[in-house]
1. Give me the extension gain from residue 127 to residue 30: residue separation times 0.36 nm, minus the current Cα-Cα distance, reported in nm with one decimal.
2. Whole-Hz ³J(HN,Hα) for each residue in the range 80-96, computed from phi via Karplus 6.51 cos²θ - 1.76 cosθ + 1.60 with θ = phi - 60°, x for glycine and proline: what do you get?
3. If R0 is 22 Å, what FRET efficiency do you get for residue 149 and residue 2 from their C-beta distance, rounded to 0.05?
4. I need to check one value: relative contact order of the chain, counting alpha carbon pairs closer than 8 Å and at least 6 residues apart, in percent.
5. Name the long-range amide H neighbours of residue 122: under 5 Å, sequence gap of 5 or more, or other chain; modelled H, no Pro or chain starts.
6. Bin width 10 Å, origin at 0, all Cα-Cα pairs of the chain: what percent of pairs per bin?
7. In nm, to one decimal, how far is the modelled label at residue 137 from the one at residue 80, with both set 7 Å along Cα→Cβ?
8. Distance in nm between label sites at residue 108 and residue 59, each 7 Å beyond Cα in the beta-carbon direction?
Amino acid sequence: QAQSAAQQAQRGVWANYSLATEPSEAAIDMRPNVLLPVQTQSGSCPPSIGLWVLRQGFEGGADHTVIADTAAIATAPARQAAAGQGEVVFTVPLRPEYSGCVGVAQSEHLSFYSLEMSQGQGRFRLDLSGDGQRQVLDSGSSAGRPYIHWRATE
């Protein structure tokens, strides 16, 4: 019930702080806790892409949730383009100032996640290929931002 109320009132991760005009509109600091640096190949790209990365460990594994702050770079909500056991892809149309961007946001430490930008589109991707037992439990879009919930076990 609390989550539904927060979504409807656009609070917390469901808020669009990029549209806030007054500091009081973003009274609770809900900025992403991870920034993926963008490696620009050409055009004008954002310096980084924000992620909310949450991890809940348990004996023998962990549940992971990631929310990409695509609202900061996009003109429309994220749409799921592909989903499978080990991969989920979302697309967003880039804002005019980034429409000519060709670049990739990624981190060696969080290699599961990447955001590729080219031809006016952003593609946020989770890739769980590799060793170990990993599976996507849920994915979708909330407040225009893509979210993915996945599990890793030994």
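The values are calculated or read from the model by the stated rules, or taken from the named source; none is laboratory data. Model, not experiment: these values are computed from the prediction. Here Cβ is always computed from backbone atoms with ideal geometry, including for glycine, and neighbour counts include all displayed protein chains. All accessible areas refer to the heavy atoms of the entire protein, side chains included, with ligands and DNA or RNA removed. Shrake-Rupley method; radii C 1.70, N 1.55, O 1.52, S 1.80 Å.
1. Working it through step by step, the gained length comes to 32.4 nm.
2. Here the 3J(HN,Hα) series is 6, 9, 7, 8, x, 4, x, 8, 9, 10, 10, 10, 9, x, 6, 4, x Hz.
3. It comes to 0.80.
4. For the chain, the relative contact order is 23 percent.
5. Correct list: 92, 94.
6. 11, 39, 36, 13, 1
7. 1.5
8. 3.6
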